[in-house]
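The values are calculated or read from the model by the stated rules, or taken from the named source; none is laboratory data. All figures in this text were calculated on a predicted structure; none of them were measured in a lab. All Cβ positions, even for glycine, are placed from backbone atoms using ideal geometry, and neighbour counts span all protein chains on display. Areas reflect the complete protein model, heavy atoms only, side chains present, ligands, DNA and RNA absent. Shrake-Rupley method; radii C 1.70, N 1.55, O 1.52, S 1.80 Å.
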Amino acid sequence: MALGLLIIRLVIGLTFAAHGTQKLFGWFGGYGPKGTGGFFESIGIKPGVLMAVLAGLAEIGGGLLFAAGLWTTLGAILIVLTMLIAIIKVHGKNGFWVTSNGIEYNLILIAIAVGVALIGAGEYSIDALM
């Protein structure tokens, strides 16, 4: 079980953190704070650049905490909040399936984050060492 939780935490957490680097640094095909901020402004999230930076910080912070198994519940909360905002502002109106830009991916991330937070990060985590 511990190895399974480690794999889940690493894949989800590091992927989530990488999404944050798209917003903050423009890495991995991202648009950085200005580009992301422009998109945020277009969907009513203002001020766009500030909110892009905050979203990027939440994604990097939440993802890295989750991956490391350090304050795992806090990392999970940051993932869940970010995904709820994404559902409300972008994906909710598009239905369920990711092929239609729907909530499928967001919902899966929420379920994983909540599930891990409820059962704990596992033996191979910083939380377990503390």
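Those residues that are more than 8 Å from the chain's Cα centre (by Cα) and within 22 Å of ASN101 (Cα to Cα), I need them from segment 47-80; list them, please.
Result: GLY48, MET51, ALA52, ALA55, GLY56.
Would you please list the contacts, defined by Cβ atoms under 6 Å and residues six or more apart or on different chains, that run from a residue in segment 12-33 that is of a type in the set (Ser, Thr, Tyr) to a residue that is surrounded by fewer than 20 Cβ atoms within 10 Å (Cβ to Cβ)?
THR21/TRP27
Would you confirm whether any residue within segment 86-96 is crowded, with 16+ Cβ neighbours inside 10 Å, among the polar types (S, T, N, Q) and on the phi < 0 side of the Ramachandran plot?
No.
Condition first: open to solvent by 40 Å² or more (accessible area, probe 1.4 Å) and without any contact (Cβ under 8 Å) to a residue 12 or more places away in the chain. Now tell me which residues in segment 106-126 satisfy that.
Of everything in segment 106-126, those that are open to solvent by 40 Å² or more (accessible area, probe 1.4 Å) and without any contact (Cβ under 8 Å) to a residue 12 or more places away in the chain turn out to be ILE108, ALA111, LEU118.
Hey, can you tell me all the residues within segment 10-26 that are part of a helix (DSSP H, G or I) and over 13 Å from the mean Cα position of the chain (by Cα)?
Within segment 10-26, the subset part of a helix (DSSP H, G or I) is 10-25.
Hits for segment 10-26 are LEU24, PHE25.
Test of understanding: among LEU70, LEU57, LEU50, which residue is open to solvent by 70 Å² or more (accessible area, probe 1.4 Å) and either at pLDDT below 95 or over 16 Å from ALA86 (Cβ atoms) (or both)?
Being open to solvent by 70 Å² or more (accessible area, probe 1.4 Å) and either at pLDDT below 95 or over 16 Å from ALA86 (Cβ atoms) (or both) holds for just one of LEU70, LEU57, LEU50, which is LEU50.
Collect the residues in segment 18-35 that are farther than 18 Å from ILE79 by Cα and open to solvent by less than 80 Å² (accessible area, probe 1.4 Å), keeping them in residue-number order.
GLY26, GLY29, GLY30, GLY32, PRO33, GLY35
So the check is Cβ under 8 Å with 6+ separation or different chains; which pairs have a first residue in segment 43-65 that's under 26 Å from LEU10 (Cβ atoms) and a second one that's of a type in the set (D, E, K, R) and surrounded by 18 or more Cβ atoms within 10 Å (Cβ to Cβ)?
Here the result reads ALA52/LYS23; VAL53/LYS23; ALA55/LYS23; GLY56/LYS23; GLU59/LYS23, each pair linking segment 43-65 to a residue that is of a type in the set (D, E, K, R) and surrounded by 18 or more Cβ atoms within 10 Å (Cβ to Cβ).
Report the residue count in segment 37-88 for those that are farther than 21 Å from TYR124 by Cβ and not aliphatic (A, V, I, L, M).
Summing the residues that are farther than 21 Å from TYR124 by Cβ and not aliphatic (A, V, I, L, M) in segment 37-88 gives 13.
What's the number of the condition ALA76 fails, among (1) touching a residue at least 40 places away in the same chain (Cβ under 8 Å); (2) open to solvent by 70 Å² or more (accessible area, probe 1.4 Å); (3) more than 19 Å from PHE28 (Cα to Cα)?
Every listed condition holds for ALA76 apart from (2).
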